[in-house]
Amino acid sequence: MKEMQKIKKRNEVKTEETWNLSDLFKDFKHWSNEFNNLPNEESLEKLVEDKYKSKLSSSPELIYECIKFKDDLNHRLENLFVYASLRNTEDVANKESNEAVGKIEIKLSGLMAKFSFLEPELLNIKQLTDWLKKEPLNTYQFRLEELIRKKAHILTEQEENILARISVSLNMFDEIHGKWNNADLKFLPALDSNNKEHLVSNSRYSLNLQSKDRELRRNTFNSYFSEISKWRNTITSNYYGNMLTGSTIAKIRKFSGFLEAELFDDNIPTSLYDGLIKSIKNNIDLLHQSMKLRKKLLKIDAVNPFDRSVSLYESKEEITFSWEEGRDLVLKAITPLGEEYVAVATQGLTIDRWVDRAENEGKRSGAFSWGTYSSRPYMLQSWTGTLSDVYTLAHELGHSMHSYYSNKNQPYHNSGYTIFVAEVASTLNEALLSDYILTHMQDSELAKSVLSENLENFEGTVLRQCLFAAFEREASLIADKEEAFTPDTLEEIYMNLNKFWYGDECNYPEFIRYGWMTIPHFYSAFYVYKYATSYCASLALAENLRKDKNQTREDIFRFLKAGGSKPPLEILKDAGIDFLNSDPVGNAFANYKRNIELAEKTFG
C-alpha cells in the first residue's frame with residue numbers, strides 16, 4: 001500500500017507560505033517586552049480614580065480625554081491579543097502561544113474592568129446629549145448615541161465591573177470547543193474504492209468530500225463522525241454552558257432572551273432574523289429541486305450528506321490550482337472594483353504576505369481574516385489547490401480589503417464594522433469570481449464546474465447557514481426557559497431540521513444528528529444568519545455592478561470605507577441594499593432558481 005502524504009510540522013513550512021506578522025511584533029520576545037510595559041491593575045486603577053472617575057460631568061474635554069485614553073490602551077492590548085492568537089492558530093498545541101493567549105486575555109479583562117465606571121457615569125450626565133454634538137466629543141457622536149440607545153440594558157458600575165472581571169471565564173466555552181476540534185480529535189484514515197488510505201483531518205475532511213470517489217466520501221464521513229459521536233455528552237454540556245451563560249446575562253441586562261440581546265448591539269430587530277428563516281422555509285422547495293438534480297446527475301439512489309459537496313459536473317480534466325494560479329485568477333476577477341482596489345490586493349497577496357496558506361500539524365481548521373487597526377490584514381487558510389480554495393481566497397480577501405479601507409478612512413473607534421455587514425465584501429468577491437469565469441471562460445471545464453460551485457455556494461452560505469440559524473433559535477429558546485439540554489434533544493432538533501431542509505431526495509444516516517457539534521460558529525451566538533443576509537446583499541451588489549458599474553462602485557466604496565460609523569442597516573442602505581423595505585432574499589432565490597435551471601439545461 002502506498003504511503004500516505006505526511007502533513008508538515010510548522011517549522012518545516014516555507015516562509016513565503018506564511019504570513020508576515022512583523023508589523024505587530026517581531027517575535028514573542030518583542031511581544032513580552034510590550035506586555036511587560038503595560039500598566040498593572042493597581043496603578044491603572046489609581047490613575048483612573050485620580051483623573052476621571054466621578055469627575056466626567058465637569059467638562060466634555062475630560063470625557064474626550066478619558067475615552068481616548070481607554071481607546072489607546074485597548075489598541076495596545078488588541079495588538080498583543082491578536083498577535084498571540086494568530087501565532088496560536090499556526091499550531092494550537094504550541095505551549096508558548098497558548099501561554100501568551102492566556103496571559104493577554106487575563107490582562108485585557110483586568111485592565112478594561114477599571115473602566116467599568118465609564119458608561120454608567122456617562123449616562124448620568126444630563127448635558128451629554130448636547131455635548132456630543134460639539135467639539136471635541138463630536139468625533140465620538142455615533143458611539144455615544146449608541147450608548148444612550150443601550151441605556152436601559154447597562155448595569156450599575158459594580159455590576160458591570162463584576163461582568164468585566166469574569167468575562168474570560170464566561171468565554172471559555174469557545175476556547176474549549178476550539179481545543180477539542182483542533183487538538184483532541186483523532187480520525188482514522190479513510191479507504192477509497194481502490195483500497196488506498198487517505199488522511200482525515202479537519203482540513204482534509206471537506207477535500208475528501210469533494211472527491212468523485214463515493215467510497216472515499218462515505219468512509220471519510222464515517223471516520224469523521226465515528227470520532228465526533230464519542231464526545232456527544234461533553235460537547236452538549238459545553239454548548240449548554242455557552243447558551244445558558246448568554247441567556248442569563250441577557251436577562252440580567254433586561255432583554256427578553258438571548259436572541260434579542262445578541263441582535264441589539266447591531267440594532268437589528270428580531271423580526272429580521274425570524275423573517276429570514278421563514279423566507280428560507282417558504283422557498284425550500286428549490287433546494288429539494290436541486291437535490292433531485294444532484295441525485296440524477298450523480299446517478300445515486302439518494303443524496304447522502306457526503307454527496308452534497310461533490311461537483312455536479314464531472315470534468316474531463318482535473319481542475320487544480322497552484323497558489324499562484326489561484327491568486328492571479330482572483331485578482332483578475334475583482335477588476336470591476338477598480339485599479340486601486342486591485343493594486344492594494346496584489347500588494348497584499350504578493351509582497352506583503354497577508355496569507356498563511358501552508359497546511360501543517362496543529363494548524364487551526366477553516367479560514368479567516370483578522371488584524372488590528374495598525375496592522376496589515378491577515379488571512380489564514382490551508383491551500384490544497386481545489387476550486388473551493390480559490391473561492392475561499394476570494395472570500396477572505398474581501399474581508400481583508402474591507403478592513404483595509406475601513407482602517408484607512410475611519411478613526412480607531414469607528415473602524416470596527418459589525419459582523420452583520422462583515423460578510424458582504426467577502427461574498428461579493430465570490431460572486432465576481434463566478435461572473436469572471438462564466439463570462440471569460442464560457443463552455444470551459446472550469447466554467448461548468450463553477451456553475452456547480454454557484455449552486456453549492458448558495459446552498460452552503462445561505463441555506464445551510466439558515467439551517468444552523470434555525471437550530472440556534474430552537475436551542476436558545478430552551479436556554480431562555482432554563483431547561484436543560486440533553487444530547488438527545490439537540491440531536492433530534494438537528495435531525496428534523498435536516499429532513500425538512502433537504503427533503504425526500506436525500507438519505508439521513510444516524511451520523512447526521514451529530515453535525516451540530518462540529519460548528520465552531522455556534523460559540524459566537526447568532527452569527528451564522530449573517531452569512532445568509534450578507535450573501536443576499538452581495539448578489540444584489542454584483543447584479544448592480546453589471547447594470548451600472550460606476551455608480552455601484554461608488555456605493556461599494558462608500559460601504560467599505562464606512563467601517564462602524566453608522567448602524568449596519570443604514571450602511572447597507574447607503575450602498576443600495578435595504579433589508580427592511582425591499583426583498584434581497586427573494587432576489588437571491590430568483591438567482592438560485594436561474595442557476596438550477598441553467599444546470600439542468602447544461603448538465604441534464
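Of all the residues in the stretch 516-555, those that are open to solvent by less than 10 Å² (accessible area, probe 1.4 Å) and closer than 26 Å to Thr248 by Cα number 6. Output the residue which, of all residues in the stretch 132-143 that are surrounded by fewer than 21 Cβ atoms within 10 Å (Cβ to Cβ), out of contact with any Phe, Trp or Tyr (no Cβ under 6 Å at 6 or more places or on another chain) and not hydroxyl-bearing (Ser, Thr, Tyr), is nearest to Arg10 (Cα to Cα). Filtering first and then ranking leaves Arg143. Under the condition of being open to solvent by 20 Å² or more (accessible area, probe 1.4 Å) and farther than 23 Å from Leu170 by Cβ, the residues counted in the stretch 91-126 number 9. Filtered by the rule that a residue be surrounded by fewer than 19 Cβ atoms within 10 Å (Cβ to Cβ) and either assigned to a loop (DSSP other than H, G, I, E, B) or not small (Gly, Ala, Ser) (or both), the stretch 219-237 gives Asn222, Glu227, Lys230, Trp231, Arg232, Asn233, Thr234. Taken residue by residue, the stretch 427-445 has at least one member that is surrounded by 20 or more Cβ atoms within 10 Å (Cβ to Cβ) and within 28 Å of Phe258 (Cβ to Cβ). Take Asp435 and decide whether it is in contact with a helix residue (DSSP H, G or I) (Cβ under 7 Å, 6 or more places away or on another chain), part of a helix (DSSP H, G or I) and under 21 Å from Arg353 (Cα atoms). For Asp435, the condition - in contact with a helix residue (DSSP H, G or I) (Cβ under 7 Å, 6 or more places away or on another chain), part of a helix (DSSP H, G or I) and under 21 Å from Arg353 (Cα atoms) - is not met.
Of the set (1) modelled with pLDDT of 95 or more; (2) hydroxyl-bearing (Ser, Thr, Tyr); (3) under 21 Å from the mean Cα position of the chain (by Cα), all apply to Ser206 but (1). With the condition kept exactly as written, say whether any residue in the stretch 502-515 is surrounded by fewer than 17 Cβ atoms within 10 Å (Cβ to Cβ), out of contact with any Phe, Trp or Tyr (no Cβ under 8 Å at 6 or more places or on another chain), assigned to a helix (DSSP H, G or I) and modelled with pLDDT under 95. No, the conditions are met nowhere in the stretch 502-515. Report yes if Ser109 is in a helix (DSSP H, G or I), among the polar types (S, T, N, Q) and more than 27 Å from Lys8 (Cβ to Cβ), otherwise no. Against the criterion (in a helix (DSSP H, G or I), among the polar types (S, T, N, Q) and more than 27 Å from Lys8 (Cβ to Cβ)), Ser109 qualifies.
Could you tell me whether Ala590 is within 30 Å of Leu298 (Cα to Cα), assigned to a helix (DSSP H, G or I) and of a type in the set (Gly, Ala, Ser)? Judged against the criteria, Ala590 is a match. For the stretch 244-259, a residue qualifies if it is within 14 Å of Arg473 (Cα to Cα) and crowded, with 19+ Cβ neighbours inside 10 Å, and the qualifying residues are Leu244, Gly246, Ser247, Phe258, Leu259.
Is it fair to say Ala431 is free of Cβ contacts under 8 Å to residues at least 60 places away in the same chain and under 15 Å from Asn595 (Cα atoms)? Spelling it out, it is not the case that Ala431 is free of Cβ contacts under 8 Å to residues at least 60 places away in the same chain and under 15 Å from Asn595 (Cα atoms). Among the residues making up the stretch 245-287, those that are assigned to a helix (DSSP H, G or I), under 21 Å from Leu155 (Cα atoms) and within 22 Å of the chain's Cα centre (by Cα) are Thr245, Gly246, Ser247, Phe258, Leu259, Glu260, Ala261, Glu262, Leu263, Phe264.
Please verify whether Glu570 is within 30 Å of Lys292 (Cα to Cα) and either touching a residue at least 40 places away in the same chain (Cβ under 8 Å) or in a helix (DSSP H, G or I) (or both), treating the condition exactly as stated. For Glu570, the condition - within 30 Å of Lys292 (Cα to Cα) and either touching a residue at least 40 places away in the same chain (Cβ under 8 Å) or in a helix (DSSP H, G or I) (or both) - is not met. Only one entry in Arg214, Arg204 is of a type in the set (Lys, Arg) and open to solvent by 50 Å² or more (accessible area, probe 1.4 Å), namely Arg214. Within the stretch 312-336, the set of residues being closer than 21 Å to Tyr378 by Cβ, touching a residue at least 12 places away in the same chain (Cβ under 8 Å) and outside any loop (DSSP other than H, G, I, E, B) comprises Trp323, Gly326, Arg327, Val330, Leu331. Among the candidates Gly371, Gly366, the residue that is over 23 Å from Phe557 (Cβ atoms) and of a type outside the set (S, T, N, Q) is uniquely Gly366. For the stretch 9-52, the set of residues classified as of a type in the set (Ser, Thr, Tyr) and either open to solvent by 80 Å² or more (accessible area, probe 1.4 Å) or out of contact with any strand residue (DSSP E or B) (no Cβ under 8 Å at 6 or more places or on another chain) (or both) consists of Thr15, Ser22, Ser32, Ser43, Tyr52, listed by residue number.
Gly385 meets all of the listed conditions (1) touching a Gly at 6+ places or on another chain (Cβ under 6 Å); (2) part of a loop (DSSP other than H, G, I, E, B) but one, namely (1). Considering the stretch 1-31, and only residues there that are part of a helix (DSSP H, G or I) and in contact (Cβ under 8 Å) with a residue 12 or more places away in the chain, the residue that is farthest from Arg357 (Cα to Cα) turns out to be Trp31. In this structure, does Leu490 turn out to be surrounded by fewer than 18 Cβ atoms within 10 Å (Cβ to Cβ), farther than 29 Å from Leu433 by Cβ and touching a residue at least 12 places away in the same chain (Cβ under 8 Å)? Spelling it out, it is not the case that Leu490 is surrounded by fewer than 18 Cβ atoms within 10 Å (Cβ to Cβ), farther than 29 Å from Leu433 by Cβ and touching a residue at least 12 places away in the same chain (Cβ under 8 Å).
For (1) of a type in the set (Gly, Ala, Ser); (2) under 16 Å from the mean Cα position of the chain (by Cα), each residue gets a yes or a no:
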| site | (1), (2) |
| --- | --- |
| Thr461 | no, yes |
| Phe471 | no, no |
| Met495 | no, no |
| Phe511 | no, no |
| Ser534 | yes, yes |
| Ala542 | yes, no |
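Considered as a group, the residues in the stretch 172-201 that are outside any helix (DSSP H, G or I) and touching a residue at least 60 places away in the same chain (Cβ under 8 Å) include one that is least open to solvent (accessible area, probe 1.4 Å), and that residue is Ser201. Note on the stretch 288-311: among residues that are assigned to a loop (DSSP other than H, G, I, E, B) and under 17 Å from Glu453 (Cβ atoms), the one that is modelled with the lowest pLDDT is Ser311.
The condition (being open to solvent by 60 Å² or more (accessible area, probe 1.4 Å) and closer than 29 Å to Ala367 by Cβ) is satisfied by just one residue among Lys55, Lys6: Lys6.
Among the residues of the stretch 337-355, those that are hydrophobic (A, V, I, L, M, F, W, C) and either part of a loop (DSSP other than H, G, I, E, B) or surrounded by 13 or more Cβ atoms within 10 Å (Cβ to Cβ) (or both) comprise Leu337, Val342, Val344, Ala345, Leu349, Ile351, Trp354, Val355.
The values are calculated or read from the model by the stated rules, or taken from the named source; none is laboratory data. None of these values were measured; they are calculated from a predicted model. Reconstructed Cβ throughout: ideal geometry from the backbone, glycine too, with neighbour counts over all protein chains shown. Side chains are part of the model used for accessible areas, which takes the heavy atoms of the whole protein and leaves out ligands, DNA and RNA. Shrake-Rupley method; radii C 1.70, N 1.55, O 1.52, S 1.80 Å.
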